[in-house]
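Heads up: the structure comes next, in structure tokens.
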Amino acid sequence: MTLYLLRRLFLLAFVLLALSLLAFSLAYMFPGDMLQNLTGLRYIAPEQVAVLTAEYRLDQGYLAQYIAYLQRILSGNWGLSFASQQPLLQEIGLLLPATLELAAYALLISFFAGIPLGIIAAVKPEGVISKGISALAITGYSMPVFWWALLLIMLFSLGLGWLPTAGRIGVLYEVKHVTGFMLMDILLSDSAHRNDALLNALRHMLLPTLVLATYPTTVMIRFTKDSMLEVWEQSYIKTARAKGLNRLQVLYRHGLRNALLPVIRQIGLQFSTLITLAMITEVIFSWPGIGRWLIDSIYQRNYPAIQAGLLVISTLVISVNMLTEILHTLFNPLARKR
Amino acid sequence: MKLQWGWLSPSGHSRSTLTFLLAGVTTLAGCQPNLPETVRSGLVYCSEGSPESFNPQLVTSGTTIDAISQQLYDRLLDINPENGELIPSLAKSWQVSEDGKTYRFRLRSDVQFHQTEYFTPSRPLNAQDVLFTFNRIMQTGHPFHYQGGGNYPFFQSVAWASLVEKVVAESTDSVRFELSRPDSSFLSNLATDFAAILSAEYAEQLLAANTLSRMDSHPVGTGPFRFKEYQKDVLIRYYRHKNYWREPAKPDQLVIDIVPNNARRMAKLFTHECDVVAFPRVAELKLISQRPDVDVQESTSMNVGFWAFNTSKAPFDNAKVRRALAYAINREAILQAVYFGHATAANSVLPPTSWAYNPDLTVQQYDPAIAKALLQEAGYPNGFSMDIWAMPVQRLYNPNALKMAELMQADLAQIGVRASIVSYEWNSFRRKLSDNEHDSVLIGWSADNADPDNFFRPLLSCSAAQTGTNRANWCDENFDRLISQALLTADQKQRRSYYMAAQQYLAEQMPLLSIAHSQRFQAINSDIKGVQINPYGGIALAGAIKDIK
């Protein structure tokens with residue numbers, strides 16, 4: 001097991017290294033002045049050029065430049081954003097929690113809605129309920145997320161006027177940034193009107209979370225159902241039934257645990273799709289997360305921000321992938337033995 | 001293994017909690033809970049863009065001025081929005097010397113600067129603050145002069161540096177401006193949103209800490225609101241200035257929510273996420289005014305949309321050609337198709353509400369026959385080819401320049417002039433205009449104050465041709481003489497006669513064709529009272545009251 005973990009970590013390190021190489025080379029491939037792309041400074045005074053060239057080791061070979069780049073990344077000096085002239089790492093630190101929060105709640109919903117629905121659908125695969133759930137899952141799966149989001153806004157915001165259309169919380173609530181996770185920050189704040197703020201934040205969160213949860217939920221339903229049906233055919237289930245256990249007992253004690261293993265793996269595989277969908281959701285709901293920021297940066301030709309954003313998002317996706325794989329192995333005795 | 005799987009078993013329970021939570025959240029949405037003061041009386045103004053700076057001296061864009069000027073700052077004088085007269089503000093009285101070259105202002109003694117997280121004022125406003133404000137603009141050796149680039153666009157356009165010789169503090173509450181020549185638009189210029197009074201004490205503190213750039217990013221003023229935070233492209237947050245010398249602002253908090261997308265701004269208005277929305281699209285006004293919960297306010301604004309000819313290029317150096325082109329344009333069609341009827345046809349660059357407007361001008365009516373005849377006289381019986389530059393952005397004075405250009409293209413074809421439409425990205429567009437690369441351009445002007453001079457000098461004078469803001473690149477001695485003579489006298493009747501003559505001269509020379517004076521619109525939630533459009537500048541939100549039912 002230790003060996004397995006080590007192997008995984010080694011692979012992770014290697015992938016991250018390759019990623020950093022790609023991000024590093026972007027600075028050379030982007031149009032414009034390289035020193036500007038690297039530092040993020042919009043205007044570099046002539047007397048600064050020599051100092052910065054030396055600091056970024058641009059007068060040396062590519063290897064030295066790459067090492068200097070790695071050192072800067074590791075020491076937290078990521079350069080400035082063209083648009084705001086603020087340090088990129090600080091900007092990302094403010095934005096990333098918003099995306100993570102949205103993605104986390106969406107994943108939670110997909111868990112708590114998708115898995116039970118999948119199980120229900122698997123209990124009587126030919127029944128009306130099962131067919132209904134499958135139809136729903138297919139519909140949700142094939143619905144374009146932006147269209148679905150706009151439909152919900154039309155109905156709940158513009159039509160019924162129940163829910164707001166944009167942002168994380170009403171702009172009149174001033175919540176101090178501590179962790180960056182809105183609900184946690186509200187609970188941490190000592191305001192007397194915490195509950196109002198909490199309610200307001202939940203109302204803002206509802207539509208984007210629902211929209212983002214749609215796709216993973218449908219994937220979860222289909223996977224749980226297929227996996228359950230497959231497990232159901234196994235001989236140990238038949239044995240359990242033969243012992244006289246009723247359906248529910250068999251389902252819970254023998255079916256579920258084995259059926260959910262592939263589902264765990266799915267989380268990791270679906271995470272990259274989830275992040276892509278989160279970007280679209282963020283743009284539609286003006287959610288101040290890293291996805292919207294990255295898309296804005298592309299529009300603004302904000303090269304340092306694009307570079308840093310790609311690095312952060314890819315690192316995140318790769319790490320989550322790796323983590324779920326390790327979890328899968330931990331829970332699966334068969335895989336552990338290998 | 002048991003432990004690790006434990007969380008899965010209560011899934012059914014969690015699902016019901018979640019459903020309950022969702023149901024609760026949606027049902028509670030309708031009613032108004034007992035909200036905190038900052039939220040209940042807070043106002044949300046949804047603007048169309050981010051500010052460039054928090055110092056009005058450095059900018060010209062209306063977006064920035066709307067967001068910062070009236071909220072954070074005061075000026076020596078104000079303009080009465082109803083009749084355009086000058087009224088006292090930070091200066092409680094003023095005197096002009098006989099020769100019109102010395103202005104004395106007596107300041108109020110009870111004006112407090114903002115107390116913020118980064119600055120605590122130790123004294124009320126005095127003459128030093130006025131001195132600091134204007135010396136920063138005038139003295140190139142001033143420590144703050146080159147902070148932010150050293151450009152003071154409004155002050156440069158009125159030739160401030162050559163006009164004001166010096167500013168002197170006579171006592172703590174008295175300031176004297178000495179001018180090099182009489183200028184009857186001087187007081188009006190002091191009342192514009194750009195002439196905001198800054199704090200000299202704050203400047204000293206920044207100078208001591210060597211953080212000069214904070215002057216323009218972390219503002220301190222005397223206005224009804226104080227600065228709290230700015231999240232770029234997201235929002236600006238102000239709180240009420242408790243020691244404001246006028247009646248304190250009604251909203252406890254003012255948030256400027258930055259929503260560049262027009263449709264999204266409308267959606268936020270309908271869901272009441274925005275209380276006041278800047279610049280609703282003219283095409284959508286009908287839809288908005290049908291809703292019972294939204295009011296649309298309109299006012300004639302001091303602006304003009306025009307078609308300027310590059311008079312330094314042939315054939316536009318010929319006044320006959322320019323007049324022929326003017327006769328060829330069907331303005332009524334443009335007013336309907338581009339402004340949707342929400343504008344008045346412009347007969348002069350001056351809007352009819354200005355006191356110097358000339359009602360007896362000979363107006364060029366749409367008449368292709370006269371246009372053809374004039375072209376023949378000018379020696380172009382078969383017409384010619386030209387470019388129409390259409391600005392790529394939507395402005396109040398011209399909501400859709402491309403569409404306007406297309407209409408004009410068709411009109412011009414009737415008299416044999418073959419026009420092609422040209423457009424660039426806004427920044428390059430303006431740069432190329434300043435380099436006079438265009439044949440003709442569809443653009444316009446919004447006034448900063450009520451003085452008629454504001455329509456003539458920055459647009460059509462020789463000095464404007466040099467600095468590149470004269471889009472017609474027109475330099476005419478006669479015209480320049482008329483508008484400078486108008487400045488030398490303080491007698492309004494006499495000034496008026498000069499401006500009347502200037503307008504008549506423009507109608508004959510036609511360096512530009514004035515097309516329309518557009519109305520300014522703003523959409524407001526109907527439970528908000530006390531917000532009015534100011535025809536002379538930025539929006540003032542201090543008097544807004546939210547009427548909670």
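The values are calculated or read from the model by the stated rules, or taken from the named source; none is laboratory data. Treat the numbers as computed from the prediction; the structure is a model and nothing was measured. Positions of Cβ are backbone-derived with ideal geometry, glycine not excepted, and every protein chain shown enters the neighbour counts. Note: accessible area is taken over every heavy atom of the protein model, side chains too, but ligands, DNA and RNA are not part of it. Shrake-Rupley method; radii C 1.70, N 1.55, O 1.52, S 1.80 Å.
Of all the residues that make up region B:263-308, how many are part of a strand (DSSP E or B) and within 14 Å of chain A (Cβ to nearest Cβ)? Steps first, please.
Residues of region B:263-308 part of a strand (DSSP E or B): B:276-278, B:294-300, B:303-308.
Still in the list and also within 14 Å of chain A (Cβ to nearest Cβ): B:276-277, B:294.
The number of residues fulfilling the criteria is 3.
Out of everything in region B:384-431 that is in contact with a Ser or Thr (Cβ under 7 Å, 6 or more places away or on another chain) and free of Cβ contacts under 8 Å to residues at least 40 places away in the same chain, what residue ends up being most open to solvent (accessible area, probe 1.4 Å)?
Result: B:Arg418.
Could you list, in sequence order, all residues of region A:265-286 that are within 11 Å of chain B (Cβ to nearest Cβ) and either in a helix (DSSP H, G or I) or of a type outside the set (Gly, Ala, Ser) (or both)? Let's see the steps before the verdict.
Step one: filter region A:265-286 for residues within 11 Å of chain B (Cβ to nearest Cβ), giving A:283-286.
If the condition is that a residue be within 11 Å of chain B (Cβ to nearest Cβ) and either in a helix (DSSP H, G or I) or of a type outside the set (Gly, Ala, Ser) (or both), then A:Val283, A:Ile284, A:Phe285 are the ones that fit.
Considering only region B:465-488, I want to know if a residue exists there that is in a loop (DSSP other than H, G, I, E, B) and in contact with a Gly (Cβ under 9 Å, 6 or more places away or on another chain).
First pass over region B:465-488, keeping only residues in a loop (DSSP other than H, G, I, E, B): B:468-476.
Going one step further and asking which of them are in contact with a Gly (Cβ under 9 Å, 6 or more places away or on another chain), we end up with none.
No, region B:465-488 contains no residue that is in a loop (DSSP other than H, G, I, E, B) and in contact with a Gly (Cβ under 9 Å, 6 or more places away or on another chain).
Please give the number of the condition B:Ala450 fails out of (1) buried (at least 22 other Cβ atoms within 10 Å of the Cβ); (2) among the hydrophobic types (A, V, I, L, M, F, W, C); (3) over 23 Å from the mean Cα position of the chain (by Cα); (4) not in a helix (DSSP H, G or I).
Answer for B:Ala450: the failing condition is (3).
Could you list, in sequence order, the residues of region A:252-264 that are within 12 Å of chain B (Cβ to nearest Cβ) and not small (Gly, Ala, Ser)?
Of everything in region A:252-264, those that are within 12 Å of chain B (Cβ to nearest Cβ) and not small (Gly, Ala, Ser) turn out to be A:Tyr252, A:Arg253, A:Leu256, A:Arg257, A:Asn258, A:Leu260, A:Leu261, A:Val263, A:Ile264.
Hand me the list of helices (runs of 4 or more DSSP H) wholly inside region A:49-162 holding 2 or more residues that are more than 14 Å from chain B (Cβ to nearest Cβ) and touching a Lys or Arg at 6+ places or on another chain (Cβ under 8 Å). Step through it out loud before you land on a result.
Details: elements: A:62-75, A:88-109, A:115-123, A:128-142, A:145-152.
Fully inside region A:49-162 and qualifying: A:62-75, A:115-123, A:128-142.
Filter region B:153-181 for residues that are part of a loop (DSSP other than H, G, I, E, B) and at pLDDT below 85; which is most open to solvent (accessible area, probe 1.4 Å)?
Of region B:153-181, the ones part of a loop (DSSP other than H, G, I, E, B) are B:158-159, B:172-173, B:180-181.
Of the ones still in play, those that are also at pLDDT below 85 are B:158-159.
Numbers: B:Val158: 7, B:Ala159: 34 Å².
Only one residue tops the list, namely B:Ala159.
Please list, ordered by residue number, the helices (runs of 4 or more DSSP H) wholly in region B:1-95 having 1 or more residues that are modelled with pLDDT of 80 or more and surrounded by 17 or more Cβ atoms within 10 Å (Cβ to Cβ). Spell out the reasoning first.
On the way: elements: B:2-5, B:11-28, B:37-40, B:62-72.
Ranges flagged: B:62-72.
How many residues does region B:497-535 contain that are of a type in the set (Lys, Arg) and modelled with pLDDT of 90 or more?
0
Residue by residue, here is whether (1) more than 24 Å from B:Lys228 (Cα to Cα); (2) in contact (Cβ under 8 Å) with a residue 60 or more places away in the chain; (3) in the same structural domain as B:Pro219 (by TED's automatic domain parsing) holds:
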{"residue": "B:Val111", "(1), (2), (3)": "no, yes, yes"}
{"residue": "B:Ser122", "(1), (2), (3)": "no, yes, yes"}
{"residue": "B:Gln128", "(1), (2), (3)": "yes, yes, yes"}
{"residue": "B:Thr133", "(1), (2), (3)": "no, yes, yes"}
{"residue": "B:His142", "(1), (2), (3)": "yes, no, yes"}
{"residue": "B:His145", "(1), (2), (3)": "yes, no, yes"}
{"residue": "B:Gly149", "(1), (2), (3)": "yes, yes, yes"}
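Output the residues belonging to region B:139-152 that are small (Gly, Ala, Ser) and surrounded by 15 or more Cβ atoms within 10 Å (Cβ to Cβ). Full working, then the answer.
Residues of region B:139-152 small (Gly, Ala, Ser): B:141, B:148-150.
Correct list: B:Gly148 only.
Could you tell me whether region B:302-322 includes any residue that is open to solvent by 30 Å² or more (accessible area, probe 1.4 Å), closer than 29 Å to B:Asn83 by Cβ, out of contact with any strand residue (DSSP E or B) (no Cβ under 7 Å at 6 or more places or on another chain) and among the aliphatic types (A, V, I, L, M)?
Looking through region B:302-322, none of the residues is open to solvent by 30 Å² or more (accessible area, probe 1.4 Å), closer than 29 Å to B:Asn83 by Cβ, out of contact with any strand residue (DSSP E or B) (no Cβ under 7 Å at 6 or more places or on another chain) and among the aliphatic types (A, V, I, L, M).
Inspect region A:229-247 for any residue being within 13 Å of chain B (Cβ to nearest Cβ), open to solvent by 10 Å² or more (accessible area, probe 1.4 Å), of a type outside the set (Lys, Arg) and part of a helix (DSSP H, G or I) and give the result as yes or no.
First, the residues of region A:229-247 that are within 13 Å of chain B (Cβ to nearest Cβ): none.
No, that holds for no residue.
Is it the case that region B:506-524 has a residue that's open to solvent by 50 Å² or more (accessible area, probe 1.4 Å) and closer than 30 Å to B:Ile68 by Cβ? Steps first, answer last, please.
Going through region B:506-524, the residues open to solvent by 50 Å² or more (accessible area, probe 1.4 Å) turn out to be B:508.
Those left that are additionally closer than 30 Å to B:Ile68 by Cβ: none.
Among the residues of region B:506-524, not one is open to solvent by 50 Å² or more (accessible area, probe 1.4 Å) and closer than 30 Å to B:Ile68 by Cβ, which makes the answer no.
Mind listing whichever residues of region B:491-542 are assigned to a loop (DSSP other than H, G, I, E, B), touching a residue at least 24 places away in the same chain (Cβ under 8 Å) and not assigned by TED's automatic domain parsing to the domain that holds B:Lys250?
Across region B:491-542, the qualifying residues are B:Met510, B:Pro511.
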